[in-house]
Amino acid sequence: MEKAYNPKDCEEEILKKWQDEKVFTAINPNDSQTGKSFTVPIPPPNVTGQLHLGHAMMLVIQDIMSRYHRMKGDATLWLPGTDHAAIATESVVLKNLGVASREVFSRPEFLEKCRTHTDKTHKTITNQIKRMGASCDFTRERFTMDLGMSNAVQKIFTDLYKAGLIVRGHRMVNWSTGAQSVLADDEVEWEDRKEPFYSIRCGRFVIGTVRPETKCAHSPIVLHPDENYVLARFTDSAGKSEELIFSEVLFYDEERRNKVFNLLDENGKWELVSVHQGKEFEGQKFEAETYAGMRIFFVLCDAQVIDIKKGTGAMTISANHSADDYDLAKRRNLDEYFIEKIGFDGKMKSIAGVLEGETVQEARWKAGKTMKEKGLLVGKDTSYVHNVPLCYRSGCVVEPMISPQWFIAVEKEFLWQEGVGRIRNEELEMKNKGEKTTLKKLMQDAVREKQVKIIPERFEKTYFQWIDNLRDWCISRQIWWGHQIPIWYDEQGKEYTAHEQTLLFSRHGESEAEPSNILQKNPLLTKKGETQAKELGEKLLQEGRRIAKIICSPLERSKKTAEICRDALTPSNSPTPLNPPFSGGKSGGEIPIEIWEDFDEIRFGDLEGTVRATETGKTTMERMMNEPTAESLEDLHSRALKIWEKISALPPEDGEILFIGHRAFTGILFAVRDGVKPEHFIDVRKRWEMGNCTVKEITWMVKPKKDSFLRQDEDTLDTWFSSALWPFSTLGWPDTKNPDFQNFFPTSVLETGHDILFFWVARMIMFSLFATGKNPFETVYLHGLVCDEEGKKMSKSKGNGIDPLDMIEKYGTDALRMAMVVGTTPGNQVNLGEKKIEGYRNFANKLWNVARYILALPLHPDYKPLTNGNAELLTERWILSKTQRLIQEVHKGLENHQYGEVGQKLYDFTWNDLADWAIEASKTETQLAHPLQEVLKTLLKLLHPYIPFVTEKIWEVMPLSTGGHDTLLLALTAFPEYDEALIDEKAEYDFGLLQEVITKIRSLRAATKVEPAKKIKAIFTGSNIEILQKNELILKNLARLEEVLYGEIPTEKCVTDMISGTEIYLPLSEMVNMEDEKGRLKKELLEAEKLLQNLDSRLSNEQYITSAPPHLVAETRAKKEEVEKKIETLKILF
RNA sequence: GGGCGAUUAGCUCAGUUGGCUAGAGCAUCUGGUUUACACCCAGAGGGUCAUAGGUUCGAAUCCUAUAUCGCCCACCA
């Protein structure tokens, strides 16, 4: 072993080992130790993204839980994947192409470019995930735009649509004129801006606005019904006067009044004419001048929207261009006031008269100018600052606009029924069956009934606050990269949904190649195979299947199977005419068989004619990889993609479509649907394996049935829509019979940052309950935001960001991992500096050296294993006992998601107990070699979830690891179990005393400035000296003593102290400045007396004696005695 | 404006049902080439647990108010 641990040298090699051994490929729960599954769906990172500390944080915590559960023997699946991140990807792709707008390309062209780009960047982020040591099952990696996912998106969209929960409507949305798209609320950035605030005459009323360009149409003047308004007369210095109406508070606030009316003659005079409540004006109708000409106004009173302290206490509204005004107009049925003043191009409409066609920005100052010229302005405050919404992408000002969009109606009631909104808890299911509910209620109940547990709990409040105020979710986006809305329109604008097509996949009957075990391209069916084919048809018939069409491979064995099966299905041959089968739309006719040339088996090339794989010890696929004439994995991939394209383009059928194909290629087909990359084809080979004539059923969404022209809605879905399906779509939904779905859903823990509790977590709960009837996960664990050392958000612009990859390079992955998690607590911000990472680099090195030392110890020939506390060595009993306590704490902590604390405990044990004491003791007691190896072995396992690399590396060189039940790889060993038999309280007490005595002597030596190397004499009296006697060698070596005496209080001058009733005397008078020593003693005495006082007051309290737990009182008494004794001793010396 | 949280050593943070003299790492100081480790060892100093009240035998921990900071949501008169 090298002197120092060098992560760079071994991390890559260890990663490869894990990969080669398929350590992270989830196993079936039936094959696991515990029979239980543990599933973690990864929050899919942006496919174009780079690893940042937020990712690092989630990866570390998820890896700790995954590795822990895997080692505990659970069938553990940590399912990785990436997110297509629609808007971000589009802008990156456009930027890379150097193009301003996607319209330069056709839609398919542009999508192709996005796909190429994401295929490329996908490798970057996944490799970075791997470098973190993340034990994800990459054979199950998914992408939110892979085929299966798109299918799932279409399926749930269609179901929601049919349930009336997805609706198209005109709603107020954030419109980005720059991006020409609707923005989600979280895509809007707010900025304080200084813009002129105008006060405008509107008849006799004065209104305020920062948006003069919108004051061009008929509008209500809105007043507060119960607040006071004044009719005030203003007379300028020339003697001209006018009457204006505005709020009373403004009239009496002279300073503000002057500001609001700063365009009026400053030498003019105000006088009060009369005071009125707002409602006195209600209903007044009048014509008044605007910048765009004469318009009609009327007075409307509304207590909800008017804040009398703002502006003049009066306003006009723009129902189409302000969310508040929109709500008011809706609420008060002001239908005729929905007037479009601004277009989607960001330019003024004709209602703006002279300003028609101007951009909003231009129109704004021009409107102000025109008003001024027309004498409509009474004031202009240029110092007004307000908060402006900006498009995070184009930077333009976001306009609230009314636009047709798709929404998820969260408050719309729908009926509980099979498969829709069914809840997992059976009691609840009964309660709710046949009842109406809403998506909002589903989300609320899941958390309220604790079916989904949120850690830390306080985020439940945040969750409810959000859900309670939730409005309909706008899911459509005007971009191209994403899932296109699966709705089609005919010429009349009628809406059509995707067709849910059931596909049955079967394999041909037994062929001649099977008994002969020779790879053949085109063998015939055997007799057995023919029977199997017939049985297949009969079975389908019996099940009441309505096979509309059979599609089969061009090879003889499948063609023949298809024919036999078809005949068995055809009515004339049917033994059960009571159950007439459906036959492809032609009553009584034959079921059509289509042959797809490219649906044949994988092509073996020159391997043909050789003995089948099983006999050569290698699978056929493995052999194919080295055979240039055989079909390559990439070729298989693209062939499978083409088949899926063909399937998706199939005309919808009312019955099922039966595919008869081949084992290997059908497997590839399923793999490709699930987004499996060619390099993993071999790993997943067994996942979809099928026997002769067995059937797999899947649901596949195809275009709707309509002979005439159909046009698909051009919008795409919000990225969060597909993310909201993540926990179940990745496991095969909508095919709920998929083994992965059955084995691993619902998932166990969803770990993510608390900032996406709403956008993601809540929506997953909503969709999962709707689609599967189950909550998607049992527990939600939320980590905090990662910030720099000073608690500032990390950002590229500030340059305070720490790049996790740099840190890995510099300190190793383990150091970064440990630093991310130790000293943190769920949901709280984590302030991470480089120093902290450095500290854990040191820790990894410490562990390395602990191992290096322990492994170099010669095993003691006389060592006898410890049997229930009979060992002679105190140190051994002590360290074994401490190890058990550690195991117990680690289990408890990890079960309760206390990752920070467990990490701390592991650190403390390694450094303080093992390295500083047990190892130091072993330099005296060489028999410790054996137990220390055992402890190290256990410790490596305990530490492995936190620092997998260094522990795995040490494991590699451990001689013990090859024996016993342990596996070659640490990642595959069983996690240590707590063994109470090894707990030894006496040993813990005795060794604790030894530690205290040694520490005290060291401290006394340092305080009295004795040369460190100097060996001195020590005398012990009082209690417990037999413990010291027994362990005199350790005592001597660790405290640097040359002679030890017991029992007699020395006569010479001594430095002294007392620990747990044991008095320590060090005769150092000739070396010590006795004045200093006096000072030290005095301080000790003072402290002891203070403590005694404290204890005394506690014990003299009746209430304490009676109310406090007895053991506590006893402890206090003992403590008191001890302190009294100590004071006595100190006083004698004084 | 509404909500949530934080405030503990010079710095960054632990402290899960209230209970020994409140802990860790870093930094500081003193001393150390003890053949596992200077990415180390031994020792030391450093805290009215933001403030003010309250509950309790007992409060960093529970309650109430105040202050400061942070985050989330809402927000164009």
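The values are calculated or read from the model by the stated rules, or taken from the named source; none is laboratory data. Remember, it's a predicted structure, so these values are computed and weren't measured experimentally. Here the Cβ positions follow ideal geometry from the backbone for every residue, glycine too, while neighbour counts run over all protein chains shown.
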Looking at the stretch A:804-840, which of the residues that are assigned to a helix (DSSP H, G or I) and either near RNA strand B (Cβ under 7 Å from one of its atoms) or aromatic (Phe, Trp, Tyr) (or both) is nearest to A:Ile64 (Cα to Cα)?
A:Tyr840
Do the conditions hold for A:Leu77, that is, is it at pLDDT below 90 and either in contact with a Lys or Arg (Cβ under 7 Å, 6 or more places away or on another chain) or surrounded by 22 or more Cβ atoms within 10 Å (Cβ to Cβ) (or both)?
no
Only listed residue being surrounded by 23 or more Cβ atoms within 10 Å (Cβ to Cβ), aromatic (Phe, Trp, Tyr) and either modelled with pLDDT of 95 or more or part of a helix (DSSP H, G or I) (or both), chosen from A:Tyr161, A:Tyr68
A:Tyr68
Give the stretch A:1009-1020 a look and list any residue that's surrounded by 12 or more Cβ atoms within 10 Å (Cβ to Cβ) and near RNA strand B (Cβ under 10 Å from one of its atoms), or say none.
A:Lys1009, A:Val1010
Step by step: first the residues of the stretch A:1106-1125, then only those that are under 51 Å from the mean Cα position of the chain (by Cα), of a type in the set (A, V, I, L, M, F, W, C) and part of a helix (DSSP H, G or I), then the one that is nearest to A:Glu1063 (Cα to Cα). Which residue is that?
A:Ala1114
Any helices (runs of 4 or more DSSP H) falling wholly within the stretch A:876-980 and containing at least 2 residues that are of a type in the set (Gly, Ala, Ser):
A:899-908
Of everything in the stretch A:72-110, what is within 21 Å of A:Met145 (Cβ to Cβ), in contact (Cβ under 8 Å) with a residue 40 or more places away in the chain and among the polar types (S, T, N, Q)? Give them in sequence order.
A:Thr82, A:Thr89, A:Ser91
So A:Ser558 fits all but one of (1) modelled with pLDDT of 60 or more; (2) under 16 Å from A:Leu536 (Cα atoms); (3) out of contact with any Cys (no Cβ under 9 Å at 6 or more places or on another chain); what number is the exception?
(3)
Would you mind listing the helices (runs of 4 or more DSSP H) fully within the stretch A:600-656 where at least 3 residues are at pLDDT below 90?
A:613-616, A:620-625
Filter result (modelled with pLDDT of 95 or more and farther than 17 Å from A:Asp83 by Cβ) within the stretch A:135-150:
A:Ser135, A:Asp137
Counting just the residues of the stretch A:503-551 that are assigned to a helix (DSSP H, G or I) and charged (D, E, K, R), which one comes out farthest from A:Asp654 (Cα to Cα)?
A:Glu514
Selection count, the stretch A:317-358, where residues are surrounded by fewer than 18 Cβ atoms within 10 Å (Cβ to Cβ), on the phi > 0 side of the Ramachandran plot and in a loop (DSSP other than H, G, I, E, B)
2
So, of the residues in the stretch A:744-801 that are modelled with pLDDT of 90 or more and surrounded by fewer than 17 Cβ atoms within 10 Å (Cβ to Cβ), which turns out to be farthest from RNA strand B (Cβ to nearest atom)?
A:Glu778
Restricting attention to the stretch A:293-335, the residues that are more than 10 Å from RNA strand B (Cβ to nearest atom), in contact with a strand residue (DSSP E or B) (Cβ under 9 Å, 6 or more places away or on another chain) and closer than 19 Å to A:Thr214 by Cα number exactly 12
Tell me, please, whether a residue that is within 19 Å of A:Asn1031 (Cβ to Cβ) and either small (Gly, Ala, Ser) or more than 16 Å from RNA strand B (Cβ to nearest atom) (or both) can be found in the stretch A:883-901.
no
Go through the stretch A:441-487 residue by residue and tally those that are buried (at least 19 other Cβ atoms within 10 Å of the Cβ), within 15 Å of RNA strand B (Cβ to nearest atom), in a helix (DSSP H, G or I) and not β-branched (Val, Ile, Thr).
1
Condition set in a loop (DSSP other than H, G, I, E, B) and surrounded by fewer than 16 Cβ atoms within 10 Å (Cβ to Cβ), scope the stretch A:841-859, selection farthest from RNA strand B (Cβ to nearest atom): answer is A:Leu859
Among residues of the stretch A:179-188 being touching a strand residue (DSSP E or B) at 6+ places or on another chain (Cβ under 9 Å) and closer than 15 Å to A:Ala88 by Cα, the residue nearest to RNA strand B (Cβ to nearest atom) is A:Val188
Residue in the stretch A:1091-1105 that is surrounded by the most Cβ atoms within 10 Å (Cβ to Cβ), counting only those that are more than 8 Å from RNA strand B (Cβ to nearest atom) and in a helix (DSSP H, G or I)
A:Leu1092
Could you identify the single residue in A:Phe709, A:Phe721, A:Phe659 that is surrounded by fewer than 19 Cβ atoms within 10 Å (Cβ to Cβ) and either in a loop (DSSP other than H, G, I, E, B) or not hydroxyl-bearing (Ser, Thr, Tyr) (or both)?
A:Phe709
